[in-house]
1. For the chain, take the longest principal axis of its alpha carbons; what is the angle in degrees between that and the long axis of helix 128-140, to the nearest 10 within 0 to 90?
2. For the stretch 1-65, run through the GluC sites (Glu not before Pro) and keep only the ones in DSSP coil with at most 16 other Cβ atoms within 10 Å of their Cβ.
3. What chymotrypsin sites (Phe, Trp or Tyr not before Pro) does the stretch 135-238 have in DSSP loop regions with at most 16 other beta carbons within 10 Å?
4. Relative to the Cα centre, what is the charge dipole magnitude of the stretch 122-225, using +1 at the beta carbon of each Lys and Arg, -1 at the beta carbon of each Asp and Glu, and rounding to the nearest 20 debye?
5. For a quick check: sort PHE5, PHE262 by the number of other beta carbons within 10 angstrom, fewest at the front.
6. Given H placed 1.01 Å from N in the peptide plane, which residues other than close sequence neighbours of LEU174 have an amide H under 5 Å from its amide H?
7. Give the separation of the Cα centroids, the stretch 141-220 to the stretch 242-310, in Å.
8. So what is the calculated 222 nm ellipticity per residue for the chain, using -39500 (n - 2.57) for each DSSP H run with n of 4 or more, over all residues, to the nearest 500 deg cm²/dmol?
Amino acid sequence: MRAVFVENGEVVLRETEVADKGIRVHVRSSGICGSDIHLLERKYPLKYVIGHEFAGELDDGTTVAVEPLVPCNECAHCRAGNYHLCQLGAAMVLGVGRNGGMADDVFVPRRCLTFLPSTVDVKDGCLVEPLAIAVHGMRISGFNGNQRVAVIGGGTIGICAVAVAKASSDTVGLAARYSHQRAAGSLLGATDVDGQYDLIVECTGNSEAMNQAVRLCSPGATILALGTNWEGIQIPEVAAQSKEITMVFSTMYSARGAMRDFDVAAMLLARNPNIPKALITHRYPMVEVSKAFAAARDRRAGAIKVVLEP
């Protein structure tokens with residue numbers, strides 16, 4: 001089969017044989033994540049098939065999204081239900097420490113499967129993963145529908161945060177750098193930021209955005225950090241302290257009882273057909289993977305979510 005690997009900081013498509021155990025998923029859509037680009041730029045030594053945002057079909061035609069985590073199920077975090085904090089770390093993540101979804105086929109444990117509602121096109125199913133990141137973060141932040149929510153950052157995670165917030169809250173503001181990002185937020189019901197907010201979702205991971213988040217906070221507000229900065233950020237401590245702001249840091253996704261964040265994200269995707277319209281700006285066949293990554297790097301040219309279709 002064909003699969004995408006990283007060689008010397010560049011993506012390459014080559015024929016390979018995969019001997020993984022599990023259920024075969026015929027990949028139909030695979031999104032390019034900002035973390036994929038960061039790993040390339042840092043020349044992180046990736047020896048597996050990359051890609052952790054993907055969806056496809058089983059042998060019987062059933063459509064699924066894949067939660068790209070294979071935890072040990074034995075450590076203290078797993079036993080407590082926080083399998084996303086498993087002691088295995090990056091080694092459990094498909095596309096990083098195991099073969100991922102930028103391939104014709106991938107074999108995954110049954111636990112990874114989330115069955116897509118019939119109204120969700122499998123070519124949009126790769127959006128379940130970034131939506132689940134926003135679902136998880138909003139859940140652990142204590143979000144409720146009575147809060148005024150501001151989202152800072154108009155990339156994939158920012159637009160996903162808008163979609164999750166608008167599912168419950170009437171007031172959602174978006175601060176985004178580019179006009180196409182603001183248009184995507186508007187399609188999902190976001191307005192320009194105005195005044196102060198109860199929950200600020202910071203999705204860029206830089207110090208400038210964190211300063212803006214603190215300014216937008218009403219006294220006693222919460223900042224949810226969904227963005228990632230690999231170099232670290234500065235927080236205006238005095239301003240945050242004077243408002244008694246609560247900071248919540250979030251990573252990946254897990255479950256609350258029997259309901260996984262992935263399941264909630266799939267249902268949200270089914271409920272709102274505008275989500276794929278807002279997020280997916282480019283689609284490429286897998287043979288054009290280099291062009292796809294070049295497009296994903298250039299947000300000024302209009303990219304939000306770039307999708308590969310094997």
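Each reported figure results from applying straightforward, stated rules to the coordinates on display, with no laboratory input. The structure displayed is predicted, hence computed values, not measured ones. Because the Cβ atoms are built from the backbone with ideal geometry, glycine has one as well, and the counts that use them run over all protein chains shown.
1. Around 40 degrees separate the two axes.
2. On the way: sites: GLU7, GLU10, GLU15, GLU17, GLU41, GLU53, GLU57; in loops: GLU17.
Sites meeting the loop and neighbour criteria: GLU17.
3. Details: sites: PHE143, TYR178, TYR197, TRP230; in loops: PHE143, TYR178, TRP230.
When the chymotrypsin sites (Phe, Trp or Tyr not before Pro) of the stretch 135-238 are filtered for loop state and at most 16 Cβ neighbours within 10 Å, TYR178, TRP230 remain.
4. Working: 7 positive and 8 negative charges, 15 e Å.
Here the stretch 122-225 has a charge dipole of around 80 debye.
5. Numbers: PHE5 18, PHE262 25.
By the 10 Å Cβ count, ascending, the order reads PHE5, PHE262.
6. Under 5 Å from the amide H of LEU174: VAL151, THR191, ASP192, VAL193.
7. If you average the Cα positions of each part, the centres end up 15 Å apart.
8. Numbers: 10 runs with 87 residues, N = 310.
Calculated mean residue ellipticity at 222 nm is -8000 deg cm²/dmol.
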